[in-house]
Amino acid sequence: MVQILDGKAMALQIKDEIANEVRALTAQGHRAPHLAAVIVGTDGASQTYVANKEKSSHEVGFTSSVYRMPESTTEAQLLETIEFLNNDPDIDGFIVQLPLPKHINEQKVINAISPDKDVDGFTPINIGRMVLGEECFVPATPMGICTLLKRYGIETAGKHCVVIGRSNIVGTPAANLLSRKGFDCTVTMCHSKTRNLAELTRQADILVVAIGKPEFVTADMVKEGATVIDVGIHRIPDESKKSGYRIIGDVKHSEVDAKCSWTTPVPGGVGPLTIVSLLQNTLQAYKRMSN
Ligand code: NAP
């Protein structure tokens, strides 16, 4: 019988823990942690992500600010805003919502973020520290995956973990973290050039799917009793919904879940933990700033 890794419930619990900590800090006369977000353009999914981050920040008692910039923003203007945020002592951490418009060099923008405020953990300095096992800001989505596995007590040591996807923000850091001491998985990382993908995924005790293709993973690709972590988020037009769309993942849950021991629902799995990880990183940045 499949069991659910309930990211929504876990996120509520962790948010409660953060809120208690923030209440204690402000009761002692300290200011609240401050998370800022920069969004360029009007992409619907990005607007929703930023709105959710803002809402969650308020729920835990953080100060939150959003810098909304038009699609026509130049790279130089964006870099200027980042410089401002880097130097504002009242802001503990900030994120630049991706993707950016095509005329802006994403890596150049990420490189401009101060590693001390990089609560998304995307800068080369934080990625380097993560790979070396040093204290750092871990990218929010892989951190959320790790939190789910840890808090649900899923056994990972010696397990074969197959990660589909090697993006800088999900697949690569997830593979790195899960192979390290503490998780101790044996990790296979797959990508678009991988041969015989299904043969590899069928060997996975833990399957992390971050491929960005709706319902790509089907039952024949999954081992009986596997733990399946679905990172994918896709909006599919659905007139029966008030919003006009429904959310599905990278895994075909209607047929895969019956084979799993544990699985993450979409929505309500990895997504809520991603936002919570961002809050945890911001609290960490705040504490570092105060010391
Ligand atoms: P991405 O940058 O598009 O990366 C997709 C990866 O999948 C790439 O490494 C690609 O390989 C690999 N891939 C593509 N086709 C493949 C195939 N046929 N076989 C094997 N590998 C294949 O995506 P991402 O940013 O990592 O995001 C993945 C998904 O997670 C998306 O649906 C995204 O919306 C979602 N997401 C969710 C959260 C959350 O909070 N839940 C956060 C971030 C992202 P190559 O490297 O060879 O191209």
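The table below gives the values:
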item: Cross-link pairs beyond the 28 Å C-alpha cut-off, checked among Lys55/Lys223; Lys53/Lys159; Lys102/Lys287; Lys55/Lys117; result: Lys55/Lys223; Lys53/Lys159; Lys102/Lys287
item: For the range 29-114, Kirkwood radius (reciprocal of mean inverse C-alpha pair distance, Å); result: 13.4 Å
item: Inter-site label distance for Gln47 and Val66 at 7 Å from Cα along Cβ, in nm; result: 0.9 nm
item: Label point distance in nm, Glu106-Ser261, each placed 7 Å from Cα along Cα→Cβ; result: 3.5 nm
item: Within the range 147-241, GluC sites (Glu not before Pro) in DSSP loop having at most 14 other beta-carbon neighbours inside 10 Å; result: Glu155, Glu224, Glu239
item: Of Ile113, Tyr245, Ala204, farthest towards positive along the dipole that unit charges on Lys, Arg, Asp, Glu beta carbons give the chain; result: Ala204
item: Fraction of alpha-carbon pairs over 24 Å apart in the chain - percent; result: 52 percent
item: The range 140-271: equivalent-ellipsoid semi-axes (sqrt of 5 x gyration tensor eigenvalues, Cα, Å); result: 23, 16, 14
item: Inter-label distance for His234 and Thr186, nm, one decimal - labels placed 7 Å from Cα along Cα-to-Cβ; result: 3.2 nm
item: Sparse-neighbour loop sites [trypsin sites (Lys or Arg not before Pro); the range 187-277; at most 14 other C-beta within 10 Å; DSSP]; result: Lys193, Arg195, Lys241, Lys242
item: Computed lengthening from Val131 to Asn196, 0.36 nm per intervening residue step minus Cα-Cα distance; result: 20.6 nm
item: Amide proton proximity set for Val187, modelled H, under 5 Å, gap of 5+; result: Cys161
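Values in this text are rule-based calculations from the coordinates and carry no lab data. Just so we're clear, the structure is a prediction, and the values are computed from it rather than from any experiment. In this analysis, Cβ positions are derived from the backbone assuming ideal geometry, glycine residues included, and neighbour counts consider all displayed protein chains.
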